[in-house]
1. Would you check if ASP89 is out of contact with any Pro (no Cβ under 8 Å at 6 or more places or on another chain) and of a type in the set (D, E, K, R)?
2. Check GLY82 against each of (1) within 28 Å of VAL259 (Cβ to Cβ); (2) away from the ligand (no atom under 16 Å from the Cβ) and name the one condition it does not meet.
3. Please state which of the following conditions GLY170 fails to meet, knowing it meets all the rest: (1) at pLDDT 95 or above; (2) open to solvent by less than 10 Å² (accessible area, probe 1.4 Å); (3) assigned to a loop (DSSP other than H, G, I, E, B).
4. Hey, among LEU70, LEU26, which residue is touching a helix residue (DSSP H, G or I) at 6+ places or on another chain (Cβ under 8 Å) and open to solvent by 10 Å² or more (accessible area, probe 1.4 Å)?
Amino acid sequence: MLLCRFNENRLGVVQGQCIRDVTAALDCLPNYRYPLPSCDPLVEHLDTLTVRIQTLLGSAPTVAVESVTLLSPIANPGKIIGAPVNYQDHLQEATSQEELHHGAQINGVEQIGFFLKATSSLVGASEGVTMRYPDRRNDHEIELVVIIGKKGNKIASKDALAHVAGYAIGLDMTVRGLEERSMRKSIDTYSVLGPWLATADEISDPGTLDISLSVNGHARQMANTSDLIIGIPKLIEHASSFYSLHPGDLLFTGTPAGVGPVKAGDRIKASISGIGSMDVSVHA
Ligand code: MN
């Protein structure tokens with residue numbers, strides 16, 4: 001199932017070029033009292049929600065995908081986890097660039113672990129990216145994003161995929177500079193998630209997905225998740241060896257070679273096989 005959040009927080013199931021509006025299914029989510037749970041309620045109750053959606057689907061009104069505003073499919077992630085360099089070709093690219101600029105060493109997940117992006121940076125495809133520090137270089141990074149479905153701590157890699165609710169396309173936007181990654185990648189709108197959540201059953205093998213990104217029609221990044229240095233099960237094992245993972249937590253799995261600058265007025269197209277494509281505008 002391809003599940004989207006659109007317009008004024010409506011819930012939809014994407015079928016080809018149409019969305020079936022199943023917002024009424026959200027009634028099955030609990031009415032929370034303070035304090036709110038440290039996870040995303042929609043993902044936590046996805047099984048119950050799916051049953052409700054199935055009963056509504058046949059008579060649900062339809063709307064064209066191209067006519068709606070697509071919001072982040074996950075509204076309230078507890079945390080956004082990012083893997084640094086995790087493709088061999090990007091490791092080489094980043095190392096050569098950093099040596100030129102800072103003489104710094106670039107290390108992957110195994111050496112430096114993950115970073116966190118502020119949840120306030122999260123937007124959907126239709127909201128687009130709004131530039132900060134336009135005088136500095138701002139880069140696109142397309143990444144497969146894993147959406148955690150089940151709470152877990154110290155998850156073994158062999159059990160890891162059972163903790164996955166689904167997948168989405170992510171843009172880990174980055175302003176270049178000397179600040180910590182967590183700051184440079186946490187600017188408002190610098191975490192794009194979309195165009196929707198592809199539930200885990202839609203993706204038979206997350207380790208064989210084609211990834212591509214173009215800017216204004218020019219190809220920039222092209223890869224396959226089979227080239228990940230550390231695959232998804234090991235990423236989940238490693239992340240959860242430090243912190244508990246909760247339903248709705250987002251894991252950005254790293255970007256391949258071809259990262260490059262964007263500026264206001266650019267149009268990014270990001271695609272991952274099995275999920276779909278999203279057009280993301282860059283605003284001043
Ligand atoms: Mn990244």
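The values are calculated or read from the model by the stated rules, or taken from the named source; none is laboratory data. Fair warning: this is a prediction, and the values are worked out from it, not measured in the lab. No Cβ is skipped: glycine too gets one built from the backbone with ideal geometry, and neighbour counts run over all protein chains shown. Please note that ligands, DNA and RNA were not included when accessible areas were found on the heavy atoms of the full protein model with its side chains. Shrake-Rupley method; radii C 1.70, N 1.55, O 1.52, S 1.80 Å.
1. no
2. (2)
3. Unmet for GLY170, out of (1) at pLDDT 95 or above; (2) open to solvent by less than 10 Å² (accessible area, probe 1.4 Å); (3) assigned to a loop (DSSP other than H, G, I, E, B): (3).
4. Answer to the check: LEU26.
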